[in-house]
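Worksheet for the structure shown next.
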Amino acid sequence: MIVEQLSLVDFRNYEHAELGLAGGANLLVGRNGQGKTNLAEAVTYLATLGSHRVSVDAPLVRSGADAAIVRARLAHGERRIVLEIQINKQGSNKARVGGAPVRTAELPRYAQVVLFAPEDLQIVRGDPSARRRFADQLLVQRTPRMAGVLGDYDRVLRQRTALLKSARARGLRAESLPTLDVWDDKLVALGTEIIEARARLARELHPPLVAAYAAIAGADHSPELEWASSIAGADPEEDDDATTALAAGDTAEAFRTALAARRSAELDRGVTLVGPHRDDLVLRIHSLPVKGYASHGESWSVALALRLASAQLLRADSMLGDPIVILDDVFAELDVDRRARLAGLVVDFEQVIVTAAVEADVPDGLRGRTVRIESGRIRGVDDD
């Protein structure tokens, strides 16, 4: 799969942009702040329905505009398809496939992207939310219908939490809230599907993660990943050392039991304390958590290995061909040895898009079609 043409209207600092891309390596070069990352972000949004830099959509719309449009023509063999999304500052986004309106959740069925970026260091060093986001975006790309499940869970969670807050403010107890059981049923049904999908993902991601880490770091540090589960008694949102994994068994029943056990605490605090929204993906090397123990170089190797393992999973199970691989300002963060190792691992994907402030930072094998960016404008294209 490749992006042949990318069109932007009022996206970030681009009032209007048209960019042609080729199969193989594409290099976007420009000083920091000129807009090269915005191009990478636009391509990624079509596949993940989110940005790797912000958690809400409003910053993606150019100042003074009400909406941004991202349109891309994708090629898979002889097939061509045009995807489009209108990102609104207010209200729901709108999407089209081949000119026909579709639900936005349909877009990941047609586009797969794996993006490596400096922000990826937060996956291993940041809060649990960064790791949940990483896992959920990969889930959506592998199983697009999970976008709807995750969205429905978030809506139920907000409504249930609003009920808890209202009860707390009014001094109500559980027996005065018959509707709480209804929200519990919905939370358990949707949350169970997310918990089990995440667990499968962790199991399937482990073998390519081990291989990718060894290839990037040049050493085998036995990387591991495992979910710390709130329904098993952990609370990763409040305890950095929470490592309780969910035992094999009936996930839904464990979820209901945990909700019952924490109901008094939830009513006292006005917060939903149990569910996949409070779980954490624990990453380890040398049997120790990466967060808090790994060196800077080891942390970078784990972050890169997670993305590379994601690309390998998508490549293995996709009917769309290789995912588009994007390396956004990554090479400036790496030493020469890791640069060469990473380049060697991605160079054979059908399309690789690299952004860099300094062209010399990019290994020769990834300097293909070169696009020069300046102040939100495409100033020149050099074909290798």
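The values are calculated or read from the model by the stated rules, or taken from the named source; none is laboratory data. Only a predicted model underlies this, so the values are computations on that prediction, with no experimental measurement involved. Here the Cβ positions follow ideal geometry from the backbone for every residue, glycine too, while neighbour counts run over all protein chains shown. Accessible surface is based on the protein model in full, side chains and every heavy atom, while ligands, DNA and RNA are left aside. Shrake-Rupley method; radii C 1.70, N 1.55, O 1.52, S 1.80 Å.
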Worksheet item: Between region 184-227 and region 280-335, what's the alpha-carbon centroid distance in Å?
Response: 12
Worksheet entry | FRET E, pair Ala219, Leu172, Förster distance 56 Å, beta-carbon r, rounded to 0.05 | 0.50
Response to the item:
Over the chain, with neighbouring protein chains present, the accessible area per residue in Å² at probe 1.4 Å is 43
Worksheet item: If packing is taken as the mean number of other Cβ atoms within 10 Å per residue, what is the order of 62-71, 209-218, 260-269, highest first?
Response: 209-218, 62-71, 260-269
Worksheet entry | Mean Cβ neighbour count within 10 Å, used as a protection proxy, ranking 373-380, 198-205, 89-96 highest first | 198-205, 373-380, 89-96
Worksheet entry | Gyration tensor (alpha-carbon) shape descriptor, region 75-130, a/c threshold 1.5 | oblate
Worksheet item: By average Cβ neighbour count within 10 Å, what is the ranking of 306-313, 288-295 from highest down?
Response: 306-313, 288-295
Fill in: region 213-365: Cα Rg divided by the 2.2 N^0.38 Å rule of thumb
1.34
Worksheet entry | Val97, Val82, reordered so the largest accessible area comes first (probe 1.4 Å) | Val82, Val97
Worksheet item: Charges only on Cβ, +1 for Lys and Arg, -1 for Asp and Glu: so what's the dipole of the chain about the Cα centre, in debye to the nearest 20?
Response: 1100
Worksheet item: In whole percent, how big is the carbon plus sulfur part of the accessible area of region 296-384, probe 1.4 Å, protein atoms only?
Response: 45
Worksheet item: Can you give the translational diffusion coefficient of the chain in µm²/s, computed by Stokes-Einstein from the Kirkwood radius over Cα pairs at 10 °C and 1.306 mPa s?
Response: 72
Item to complete: Please arrange Ser287, Ser166 by accessible surface area, largest first, computed with a 1.4 Å probe and ligands excluded.
Response: Ser287, Ser166
Worksheet, complete the sentence: Expressed in µm² per second, the diffusion coefficient of region 104-167 from the Stokes-Einstein equation, with Rh the Kirkwood radius over alpha carbon pairs, at 20 °C and 1.002 mPa s, is 158
Practice prompt. Quote the relative contact order of the chain in percent (integer), defining contacts as alpha-carbon pairs under 8 Å separated by 6+ residues.
Written response: 26
Worksheet item: Any idea what the alpha-carbon Rg over 2.2 N^0.38 Å comes to for region 249-308?
Response: 1.63
Response to the item:
Everything considered on the Cα gyration tensor (a ≥ b ≥ c; rounded for a/c under 1.5, else prolate if a/b is larger than b/c, else oblate), region 1-147 must be described as rounded
Worksheet item: With all protein chains present, how much of the accessible area of region 114-157 (probe radius 1.4 Å) comes from carbon and sulfur, to the nearest whole percent?
Response: 47
Fill in: Rounded to 10°, Cα long-axis angle of helix 336-346 versus longest principal axis of the chain
80
Response to the item:
Of the convex hull drawn through the C-alpha atoms of region 145-208, the volume per residue in Å³ is 92
Worksheet item: List the lysines whose alpha-carbon lies under 22 Å from that of Lys186, not counting same-chain residues fewer than 8 positions away?
Response: Lys165
Worksheet entry | Global geometry of region 318-380, whether rounded, prolate or oblate, following the gyration tensor of its Cα atoms and the 1.5 cut on a/c | oblate
Discussion item. Pick from Glu226, Glu237, Glu78 the residue whose mean-square fluctuation is largest in a GNM of the chain, springs joining Cα atoms under 10 Å.
Written reply: Glu78
Practice prompt. For region 1-61, with all protein chains present and a 1.4 Å probe, just round the carbon and sulfur fraction of the accessible area to a whole percent.
Written response: 49
